[in-house]
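J.: Quick one: structure below, then a few questions.
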There are 2 protein chains.
Amino acid sequence: MINQIVQMASTTEENYLKALFNLANERGEVNISELANQLEVSMPTANSMVKTLQKAGSCIYEKYKPVVLTPKGKKEAALIVRKHRLTEMFLVTKMGFGWEEVHEIAEQVEHIHASKFFERMDEMMGYPTVDPHGSPIPDKQGRIQDLQFKSLSEAKPGQEVILAALSDSSTEFLEYLNSRKLTLGTELKIISKEAFDQSIVVSFLDSEKETLSQKVCEKLLVKIFESKDSSQ
Amino acid sequence: MINQIVQMASTTEENYLKALFNLANERGEVNISELANQLEVSMPTANSMVKTLQKAGSCIYEKYKPVVLTPKGKKEAALIVRKHRLTEMFLVTKMGFGWEEVHEIAEQVEHIHASKFFERMDEMMGYPTVDPHGSPIPDKQGRIQDLQFKSLSEAKPGQEVILAALSDSSTEFLEYLNSRKLTLGTELKIISKEAFDQSIVVSFLDSEKETLSQKVCEKLLVKIFESKDSSQ
DNA sequence: GTATATTGTTAGATTATTCTAACAAATTTA
DNA sequence: TAAATTTGTTAGAATAATCTAACAATATAC
């Protein structure tokens, strides 16, 4: 009888996997100092944990080379991200939390192993595909749909767009958006764009007008409607 | 400047505190072997952790004597039990789980530190005072109301009682109760009691009749209505 | 293209949590 | 009460996750 006890990843290992996954998505390659920085541990600590994850078959690592997740590691990470995003969505839609306060809670809830718990959340919400920040929720197999939104800074005057996701979900940014009543799903019309500093004036909610800096525009991901003059 | 960093209890320590609290409530004194047995660790392990908890001021321990929680330790434990029971209640009333499946999930959720999360649950449920098994939910200060239910085995023929809580919430027992449609809040009338084996025949839901063994009766906690003939 | 800075590694130590082996104290049984 | 059993303790070791110090490799700057 083969008694193959596949040890579940510890909470610590789960955090490393998630960090590798997120860093790889943001910046492509992941080196030890980025990883250490992200997790607020020393480089020797990150180095040693990467070796542990390699032994477990979750990543590939060669001295002085960037760390790469294996398909196994990617799936493990995606399933943690799934739990995180389902939780965030649940906290917002079913428990009345603001989108700026859910990340911290979800960081803890994502390490719960009872899959029943997350399946019920999923069911109660009608199987959502994105979280409250517009990020896609991986499916049960760890697959992620590619949403391919554009940054608002790519939009041109006259175009209409829908705010669909954020590339920065820090509390500060979310609170900035709250203060301008900018929520996901909001329709924006690009009134003008300032050539000097790339800031954009938009109108939304049938009346509000707002100037958005380039910095802000880069972080707002939008669906751009095909131009009415069919220039494509 | 006094820089008193009071270290939060680890998940492991929390589990020891909870075990000490529960064992003390069930059996009075807690000795090392009971604790070790409850947590499925070796006696030296339990012994060593008890010393750690003592250093943290959560319990009092002298060689070969029973372990006693300090007021600090009792409060810490009660607050974990609070999170556990709030979670169980939430899972049953807001997420549609059966009472026999929530314990396992709550064992994991109780270690989440985000107090916002539990406060929102509490609020959504209207500040319940008991969990789905009839056990009291400690308040935010760790205080527990004393419910003082009686065991059904103390009831006498002719009396009417309401099933209020359980002294055993094992999955097997909960499934037994499910199969008989016995839920908390059910009104039972004691039809007769068999002197030989202390089994009791009850009627409930206006029609159902059921014979309950002494073993079962001892685990059912009830509110006994004052007798109509005011014999007290 | 050398000097400087950054990044990464190894070695060695620490703390938390656990174990087994060996022994000691307390309790139960006969 | 003496023997047997149970309970508890100490000692010593193992693993996970972390650190600092010291050194090595790679990348950047002049």
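J.: From A:GLU34, A:GLU26, A:GLU76, which residue is modelled with pLDDT under 95 and either farther than 24 Å from A:SER135 by Cβ or part of a helix (DSSP H, G or I) (or both)?
T.: A:GLU26
J.: Take segment B:204-221 and flag every residue that is open to solvent by 70 Å² or more (accessible area, probe 1.4 Å), assigned to a strand (DSSP E or B) and of a type in the set (D, E, K, R).
T.: B:LYS209
J.: Working carefully through the options A:THR45, A:THR12, find the one that is within 12 Å of DNA strand D (Cβ to nearest atom), open to solvent by 20 Å² or more (accessible area, probe 1.4 Å) and free of Cβ contacts under 8 Å to residues at least 12 places away in the same chain.
T.: After applying the criteria, what remains is A:THR45.
J.: Follow-up. Go through (1) free of Cβ contacts under 8 Å to residues at least 12 places away in the same chain; (2) open to solvent by less than 80 Å² (accessible area, probe 1.4 Å); (3) closer than 23 Å to A:SER115 by Cα one by one and return the number of the condition A:VAL6 breaks.
T.: Result: A:VAL6 fails condition (2) only.
J.: Quick check on my filter: what residues within segment A:20-42 are of a type in the set (D, E, K, R) and surrounded by fewer than 17 Cβ atoms within 10 Å (Cβ to Cβ)?
T.: Passing the criteria: A:GLU26, A:ARG27, A:GLU29, A:GLU40.
J.: Quick check, is A:GLU110 within 14 Å of chain B (Cβ to nearest Cβ), away from DNA strand C (no atom under 16 Å from the Cβ), within 14 Å of A:LYS18 (Cβ to Cβ) and not aromatic (Phe, Trp, Tyr)?
T.: yes
J.: For A:GLU100, are the conditions met, namely being more than 10 Å from every other protein chain (Cβ to nearest Cβ), open to solvent by 30 Å² or more (accessible area, probe 1.4 Å) and under 26 Å from A:GLN54 (Cα atoms)?
T.: So A:GLU100 fails the test.
J.: Here is a follow-up. Give A:GLU123, A:GLU76, A:GLU119 a once-over and let me know the one that is over 28 Å from B:GLU100 (Cα atoms), open to solvent by 30 Å² or more (accessible area, probe 1.4 Å) and not small (Gly, Ala, Ser).
T.: Being over 28 Å from B:GLU100 (Cα atoms), open to solvent by 30 Å² or more (accessible area, probe 1.4 Å) and not small (Gly, Ala, Ser) holds for just one of A:GLU123, A:GLU76, A:GLU119, which is A:GLU76.
Okay, residues lined up against (1) touching an Asp or Glu at 6+ places or on another chain (Cβ under 7 Å); (2) touching a residue at least 60 places away in the same chain (Cβ under 8 Å); (3) assigned to a loop (DSSP other than H, G, I, E, B); (4) open to solvent by 50 Å² or more (accessible area, probe 1.4 Å):
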{"position": "A:PRO138", "(1), (2), (3), (4)": "no, yes, yes, no"}
{"position": "A:ASP168", "(1), (2), (3), (4)": "no, no, yes, no"}
{"position": "A:PHE173", "(1), (2), (3), (4)": "no, no, no, no"}
{"position": "A:LEU182", "(1), (2), (3), (4)": "no, no, yes, no"}
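J.: Select, from A:SER42, A:SER33, A:SER48, A:SER58, the only residue that is more than 29 Å from A:TYR176 (Cβ to Cβ) and touching an Asp or Glu at 6+ places or on another chain (Cβ under 7 Å).
T.: After applying the criteria, what remains is A:SER58.
The values are calculated or read from the model by the stated rules, or taken from the named source; none is laboratory data. This structure is a prediction, so every number in the text was calculated from the model and none was measured. Note that we place each Cβ from the backbone using ideal geometry, even for glycine, and neighbour counts take in every protein chain shown. When the accessible area is computed, the model is the full protein with side chains, heavy atoms only, and any ligands, DNA or RNA have been set aside. Shrake-Rupley method; radii C 1.70, N 1.55, O 1.52, S 1.80 Å.
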